[in-house]
Amino acid sequence: MKHYGDIVLTVITCKFGGSSLADKDGFLKVAKIVLSDKNRKYIVVSAPGKRYDKDIKITDGLINFTKETPFTEAREKAFSYVEERILSIANGLGAGEFIKTCLAEMKLKFDKNPFYNDYIISRGEYLSAKIFSYITGYKFIPPESFISVDESGVYKNTVSGFYLPEYSVIPGFYGKDKYGRIKTLKRGGGDVTGSVVAEMTNSDLYENFTDVDGVYAISPKIVQKQNPLKFLSYDELEVLSGAGAEVFSEDAIYPLKVKNIPVVIKNTSKEYERIVSASEHKNENFKDYYTGTAVFRQNRFVKQSPKIKIAIKKGLSLITISAGSSCTEYSAKILKAFSDYGVKCELISVTGRKFSAVFDLNSKESASGKKIFFAKPSEFFTELYLSYLKNLDTDYVFIRENVSLITVLPGEADNDLPDDNFINKRSGKFVKIENILKSAGAVITVSDELSVKAVIDDSKKDSTLKSLFKTNGAI
């Protein structure tokens with residue numbers, strides 16, 4: 001019987017990303033991983049991803065299809081790309097005729113309802129699951145039969161009393177809306193599907209397979225020579241994911257926290273190599289069984305990770321308003337504008353009569369259904385002022401484009417103070433980080449019990465990140 005710490009592993013949910021399923025060989029690797037362990041009972045799959053850097057993901061191909069005028073040559077050409085990619089995988093796995101039937105049924109539905117975009121865009125995951133079901137014998141379960149999604153693409157709940165049979169494969173990324181129609185989840189929806197399945201099946205473990213070795217203390221694009229973190233707490237992963245670390249969706253964490261289900265984020269190729277090696281040598285080394293980054297409730301097995309962890313979001317905008325009186329009315333008006341126009345607010349800072357907000361014009365999560373596109377932050381500010389702030393008393397309003405939001409998790413406190421001085425140990429590390437950020441030109445710094453956040457010009461972000469990383473001994 002397999003164990004991880006004090007957990008007996010009898011039920012495992014696995015999610016495989018698109019890079020793991022980009023071609024025939026990818027499907028074969030994933031099938032071998034799944035079938036090597038009878039406890040891997042629930043499998044969530046993404047649509048086939050990129051085979052090489054300039055390749056087009058299946059989902060992006062389907063998005064391109066929706067952008068073309070129905071019943072035109074351009075639209076047919078867009079569908080042909082998707083069809084050829086999928087059949088190149090299916091034919092190599094002996095599932096060609098079966099998938100041709102699925103594609104024909106899909107095309108009829110596309111033609112019958114050419115503007116049913118959520119249905120169209122979700123077909124990559126649907127086809128992945130159909131292929132995986134065909135080659136492994138796992139039962140295909142459509143997620144719309146048990147996952148509810150709201151209008152903005154956020155997971156709501158699961159159908160009460162729904163039973164998910166063992167050895168099932170489920171397409172990620174979509175469910176149903178309140179009308180029973182197919183509705184896609186937001187970016188990272190495959191991770192969410194996996195965590196929902198893990199929660200509803202009371203899984204002992206959720207394995208999230210991807211093309212990297214785990215979660216890194218800082219993006220490998222910025223600091224190349226580093227190993228992935230061995231462990232994180234749920235809260236740390238939630239903060240990092242929300243702050244720009246793209247390896248795991250922040251929306252996928254809550255269902256796992258509810259049931260206290262551990263997560264391991266790991267590399268598909270390395271797990272495949274481990275299984276092949278174990279098979280060849282007729283043994284299984286469980287020390288290597290969970291290579292990658294393990295995520296638990298803090299202090300379940302380990303203390304908080306001692307390493308500093310850094311995430312970043314760039315290309316944001318900053319608006320600062322000096323109010324004639326209280327900031328309360330301004331805050332409410334600006335937050336309503338963000339919600340109305342689907343502009344994601346990343347950070348708020350209120351100091352006296354000065355209100356500042358960092359926002360992302362690239363997000364499109366409108367709660368009101370307004371579909372106004374702002375090409376520049378100044379255009380959004382004009383709309384904000386005319387529609388929301390015109391009649392309010394202000395001293396000045398300032399907008400700054402091209403800023404980055406840096407989020408730093410200091411990790412475990414420094415060890416040069418006695419354990420009974422924990423608060424001072426933590427605060428000393430926070431102050432150290434804040435001083436580096438301010439010296440680098442941070443416009444705003446905000447701290448809470450877990451992290452320090454700072455707003456800095458995009459042009460200064462890389463040098464600031466490297467300075468933080470090296471100064472705090474994370475390498």
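Of the residues screened, E84 is one that is of a type in the set (D, E) and at pLDDT 95 or above.
Give the number of residues within the range 66-93 that are among the aromatic types (F, W, Y) and over 20 Å from N113 (Cβ atoms). Number satisfying all stated conditions: 1. Of the residues making up the range 124-159, not one is part of a helix (DSSP H, G or I), aromatic (F, W, Y) and surrounded by fewer than 17 Cβ atoms within 10 Å (Cβ to Cβ). Taking residues in the range 374-400 that are assigned by TED's automatic domain parsing to the domain that holds G342, and partners anywhere that are outside any strand (DSSP E or B) and of a type in the set (D, E, K, R), the pairs with Cβ atoms closer than 8 Å and at least 6 places apart or on different chains are F374/E383; Y388/K333; Y388/K336; L389/K333; L392/E329; L392/K333; D395/R353.
Any residue at all in the range 104-122 that's among the hydroxyl-bearing types (S, T, Y) and more than 27 Å from the chain's Cα centre (by Cα)? No, there is no match, as no residue in the range 104-122 is among the hydroxyl-bearing types (S, T, Y) and more than 27 Å from the chain's Cα centre (by Cα).
K50 satisfies every condition listed in (1) crowded, with 19+ Cβ neighbours inside 10 Å; (2) touching a Lys or Arg at 6+ places or on another chain (Cβ under 6 Å) except (1). Run down S349, S363 and say which single residue is modelled with pLDDT of 75 or more and closer than 27 Å to L240 by Cβ. So the residue among S349, S363 that is modelled with pLDDT of 75 or more and closer than 27 Å to L240 by Cβ is S349. Annotation: of all residues in the range 53-75 being hydroxyl-bearing (S, T, Y) and more than 16 Å from K107 (Cβ to Cβ), the one that is surrounded by the most Cβ atoms within 10 Å (Cβ to Cβ) is T59. Taking the range 329-355 only, how many residues are of a type in the set (S, T, N, Q), free of Cβ contacts under 8 Å to residues at least 60 places away in the same chain and touching a Phe, Trp or Tyr at 6+ places or on another chain (Cβ under 9 Å)? Matching residues across the range 329-355 total 1. Quick one: would you say L93 is among the hydrophobic types (A, V, I, L, M, F, W, C), over 29 Å from the mean Cα position of the chain (by Cα) and crowded, with 17+ Cβ neighbours inside 10 Å? Spelling it out, L93 is indeed among the hydrophobic types (A, V, I, L, M, F, W, C), over 29 Å from the mean Cα position of the chain (by Cα) and crowded, with 17+ Cβ neighbours inside 10 Å.
The values are calculated or read from the model by the stated rules, or taken from the named source; none is laboratory data. The shown structure was predicted, so the numbers you read here are calculated from the model rather than taken from an experiment. All Cβ positions, even for glycine, are placed from backbone atoms using ideal geometry, and neighbour counts span all protein chains on display.
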